[in-house]
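To keep things clear, I will list the structure first and then write my remarks on it.
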Amino acid sequence: MLAAQQGHARAQFNVGVFYYLGETVRQAYHEAFKWYTFAAEQGHAGAQTNLGIMFSEGEGVPQNNLYAYMWANIGSMSGQKEAKGLKDFLSKKMTKAEIEKAQVLARKCIKSKLKGCSKKTSP
């Protein structure tokens, strides 16, 4: 936990996993979201993908396919194979216009160096 509090992305991701799964701590999606966000903003592809999953499922945040696709897109660009699968899954549930909007959100997020992208829960 100390490494996560000191800003180490991998440690922050791991703390997020613990909260998401309820391992060694009480399950708390809002805490998982917080720690995944810290790691994702530092470029951690697994955290980016997991944020996409949380938005896709509405776990700890309002369900939002645009933000789910946005984070899956970013995670995919970072090399996360699971993110590509999430993008494929989401693209079957979304219109072409929604996908384009999610891609615009991803570009804006990348341009902002991934800061503040998870705080927005509606476009």
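Just name the residue that is surrounded by the fewest Cβ atoms within 10 Å (Cβ to Cβ) out of those in the range 88-108 that are under 13 Å from G52 (Cβ atoms) and either at pLDDT below 95 or in contact with a Pro (Cβ under 9 Å, 6 or more places away or on another chain) (or both).
Per the stated criteria, the residue is L105.
For the range 51-62, what are the residues that are within 21 Å of Q5 (Cβ to Cβ) and under 8 Å from the mean Cα position of the chain (by Cα)? Break it down stepwise before answering.
Initially, the range 51-62 is screened for residues within 21 Å of Q5 (Cβ to Cβ), giving 51, 60.
Answer for the range 51-62, where residues must be within 21 Å of Q5 (Cβ to Cβ) and under 8 Å from the mean Cα position of the chain (by Cα): just L51.
I'd like the residue in the range 6-47 that is acidic (D, E) and more than 21 Å from S112 (Cβ to Cβ) and, out of all such residues, is modelled with the highest pLDDT. Please lay out each step first, then the result.
Here is the first cut: in the range 6-47, the residues acidic (D, E) are 23, 31, 41.
Keeping just the survivors that are more than 21 Å from S112 (Cβ to Cβ) gives 23, 31.
Numbers: E23: 91, E31: 96.
Out of the qualifying residues, it is E31.
Condition first: surrounded by 21 or more Cβ atoms within 10 Å (Cβ to Cβ) and among the hydrophobic types (A, V, I, L, M, F, W, C). Now tell me which residues in the range 51-62 satisfy that.
L51, M54, F55
Search the range 1-50 for residues being among the aromatic types (F, W, Y) and more than 14 Å from the chain's Cα centre (by Cα), and hand back the single one that is surrounded by the most Cβ atoms within 10 Å (Cβ to Cβ).
My answer is Y19.
The values are calculated or read from the model by the stated rules, or taken from the named source; none is laboratory data. What you are looking at is a predicted structure, and each value in this text was computed from that prediction instead of being measured. Cβ coordinates were reconstructed from backbone atoms using ideal geometry, including for glycine residues, and neighbour counts include every protein chain displayed.
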